[in-house]
Amino acid sequence: MGFDDRVRTFVVGGTSGIGHAVVEALQARPGEIVAASRATGFDISDPAQAKAFFEQQGSFDHLVITAGSQAPGGELSELDLTAAKAAFETKFWGSVTTVQAAVPHIRPGGTITLTTGFLARRTVPGTFVKTAMNAALEATVKILARELAPLRVNAVSPGLTKTEAYTGMTPEARAQMYQGAAENLPAGRVAQAQDLAAGYLFAIDTPSVTGTVIDIDGGALVA
Ligand SMILES: NC(=O)c1ccc[n+]([C@@H]2O[C@H](COP(=O)([O-])OP(=O)(O)OC[C@H]3O[C@@H](n4cnc5c(N)ncnc54)[C@H](OP(=O)(O)O)[C@@H]3O)[C@@H](O)[C@H]2O)c1
């Protein structure tokens, strides 16, 4: 489906980081883009807000969800299970809730693109919450691609990406993390949010792509 003035795209998580880069990339095209997040009054972990948001907005074509949570790390013996469940509640159940509320309003030819993360398929001790949460979403994408067809449903899986998600770190720790990753990744660099945006546009634009996960991770899964 080509883009014209009538095409409407919603980016949930579009106020920061990867989602904001998707919004900027789409702004180069005709059509309307709506960026939503808690900053605009939409919390994906609240089913009532999701339902009200889509009912108020009316019909649209493309849904991108990049909203995600900080997930606690550490080995299971020391894991804060309350924080782990809260992370799942936001990213996994929040994505599912948002899709369920959105689907009745998505026009024929539309797409849904979720966001996972490279740890879904990489075995790193101490990261099981991120692994489980993102792997659950990847499994869900495949089922939804069948259930919701002919709507197309995909995910983009980022590796380490320079975004506001890391503003809580000291500048020194952040620079060290980026440098270490760049040295170890086959691509030799840490992704910018714009690199990721290209994946969402590919999922939206390519009519034969559904039920798939697009890895944009600098080669993290083969390193
Ligand atoms: N950056 C990385 O290295 C990396 C790596 C792997 C996977 N990912 C995944 O990529 C996605 C985007 O990450 P990012 O780095 O772009 O993060 P980010 O810069 O922190 O942006 C997250 C966005 O999600 C929104 N959000 C968070 N919680 C929300 C909620 N409960 N309801 C609605 N919106 C919510 C935030 O806005 P508000 O605060 O206003 O709600 C913000 O717009 C996440 O799912 C993350 O897990 C990122």
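Throughout, read-outs are computed from the coordinates displayed, never taken from laboratory work. All values derive from a computational prediction rather than experimental measurement. For neighbour counting, all protein chains shown are included, and Cβ atoms are generated from backbone atoms with ideal geometry for every residue, glycine included.
Here are a few things to note about the model shown:
- Residue ranges of helices (runs of 4 or more DSSP H) in segment 116-223 with at least 2 members under 16 Å from the mean Cα position of the chain (by Cα) and closer than 21 Å to GLY2 by Cα: 193-205
- Residue count, segment 168-207 (criterion: away from the ligand (no atom under 16 Å from the Cβ), in contact with a strand residue (DSSP E or B) (Cβ under 9 Å, 6 or more places away or on another chain) and hydroxyl-bearing (Ser, Thr, Tyr)): 1
- Of all residues in segment 56-94 being within 16 Å of the ligand (Cβ to nearest atom) and among the charged types (D, E, K, R), the one that is farthest from GLY13 (Cα to Cα): LYS85
- Check on VAL222, more than 22 Å from ALA67 (Cβ to Cβ) and among the hydrophobic types (A, V, I, L, M, F, W, C): yes
- Count - residues of segment 129-158 that are touching a helix residue (DSSP H, G or I) at 6+ places or on another chain (Cβ under 7 Å) and within 15 Å of the ligand (Cβ to nearest atom): 15
- Residue within segment 19-38 that is touching a residue at least 24 places away in the same chain (Cβ under 8 Å), surrounded by fewer than 20 Cβ atoms within 10 Å (Cβ to Cβ), within 13 Å of the ligand (Cβ to nearest atom) and among the polar types (S, T, N, Q) present: yes
- Residue in segment 42-52 that is in contact with an Asp or Glu (Cβ under 8 Å, 6 or more places away or on another chain) and farther than 21 Å from LEU196 by Cα present: yes
Rundown of residues vs (1) within 13 Å of ALA102 (Cβ to Cβ); (2) out of contact with any Asp or Glu (no Cβ under 8 Å at 6 or more places or on another chain); (3) of a type outside the set (A, V, I, L, M), yes/no style:
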| site | (1), (2), (3) |
| --- | --- |
| PHE3 | no, yes, yes |
| VAL11 | yes, yes, no |
| GLY14 | no, yes, yes |
| ALA25 | no, yes, no |
| ALA39 | no, yes, no |
| ASP61 | yes, yes, yes |
| ILE65 | yes, yes, no |
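- Residue that is farthest from THR167 (Cα to Cα) [pool: residues in segment 53-89 that are surrounded by 14 or more Cβ atoms within 10 Å (Cβ to Cβ) and among the β-branched types (Val, Ile, Thr)]: VAL64
- Hits in segment 1-18 (condition: of a type in the set (A, V, I, L, M, F, W, C) and surrounded by 24 or more Cβ atoms within 10 Å (Cβ to Cβ)): PHE10, VAL11, VAL12, ILE18
Residues are listed down the side, and each one gets a yes or a no for (1) among the β-branched types (Val, Ile, Thr); (2) without any contact (Cβ under 8 Å) to a residue 40 or more places away in the chain; (3) surrounded by fewer than 23 Cβ atoms within 10 Å (Cβ to Cβ):
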{"residue": "LYS51", "(1), (2), (3)": "no, no, yes"}
{"residue": "THR98", "(1), (2), (3)": "yes, no, no"}
{"residue": "HIS105", "(1), (2), (3)": "no, no, yes"}
{"residue": "THR140", "(1), (2), (3)": "yes, no, yes"}
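- Only residues that are surrounded by 19 or more Cβ atoms within 10 Å (Cβ to Cβ) and β-branched (Val, Ile, Thr) were counted across segment 109-130, and they come to 6.
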